[in-house]
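Input: a single structure, listed below in structure tokens.
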Amino acid sequence: MNDASEALFRAGFLIFAVAALAVGGALVFEHGFGYLPCMLCLWQRWPYYLGAPLALVAALLAWSGHDGAARLLLVIVGLMFLGGAGLGAYHAGVEWGFWPGPTSCAGANAAPTSAGGLLDQMRTTRIVPCDAAAWRLFGISLAGYNALIAAGLTAVAFAAVRRR
């Protein structure tokens with residue numbers, strides 16, 4: 001494996017590992033500690049759900065010497081995480097009150113299937129607003145950390161693509 005292939009492989013595998021850990025951490029907060037995600041939180045996971053497997057495919061392509069295809073996939077992955085970083089920054093700004101969030105941001109609950117189900121759901125549904133941070137560390141919310149992680153993954157992807 002040449003130096004360029006090795007750089008692409010390492011970047012793809014690093015992006016895969018960090019993305020898997022990040023979305024895994026979000027799922028641990030949700031299922032292990034009971035922090036319910038809002039709609040924006042769920043949207044922020046999509047770059048991870050799509051980008052992690054694509055980064056792994058890019059790493060495997062680089063490993064097998066298909067540098068052009070690996071570069072193309074890493075550009076796509078980098079763009080996905082760039083969008084994720086923007087969405088994370090937007091959500092963090094909503095939490096800090098810098099700008100309003102979407103009017104539809106009231107949680108990710110399924111619609112009832114019957115009128116009786118509506119009453120039952122109204123009694124048990126917990127609304128999760130997008131403008132209230134459920135948790136902060138050093139003043140940064142999960143949305144803020146997501147923005148930082150996604151921006152870092154974008155930088156790794158683009159740095160590997162630029163390396164010749």
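The values are calculated or read from the model by the stated rules, or taken from the named source; none is laboratory data. As the structure is a prediction and not an experimental result, all values here were calculated from the model. So basically every Cβ, Gly included, is an ideal-geometry build from the backbone, and we count neighbours across all protein chains shown.
Observations on the model:
- Count of residues meeting criterion [surrounded by 23 or more Cβ atoms within 10 Å (Cβ to Cβ) and either more than 30 Å from SER141 (Cα to Cα) or in contact (Cβ under 8 Å) with a residue 60 or more places away in the chain (or both)] in the range 79-93: 3
- Against the conditions (1) assigned to a loop (DSSP other than H, G, I, E, B); (2) closer than 18 Å to ALA157 by Cα, PRO37 satisfies every one except (2).
- Candidate set: the range 42-77, residues that are closer than 30 Å to PRO100 by Cα and surrounded by 24 or more Cβ atoms within 10 Å (Cβ to Cβ); chosen: the one modelled with the lowest pLDDT: GLN44
- Subset of the range 28-52 [farther than 20 Å from ASP131 by Cα and among the aliphatic types (A, V, I, L, M)]: VAL28, LEU50, ALA52
- Qualifying residue in the range 3-18 (condition: over 16 Å from ALA159 (Cα atoms), free of Cβ contacts under 8 Å to residues at least 12 places away in the same chain and in a helix (DSSP H, G or I)): yes
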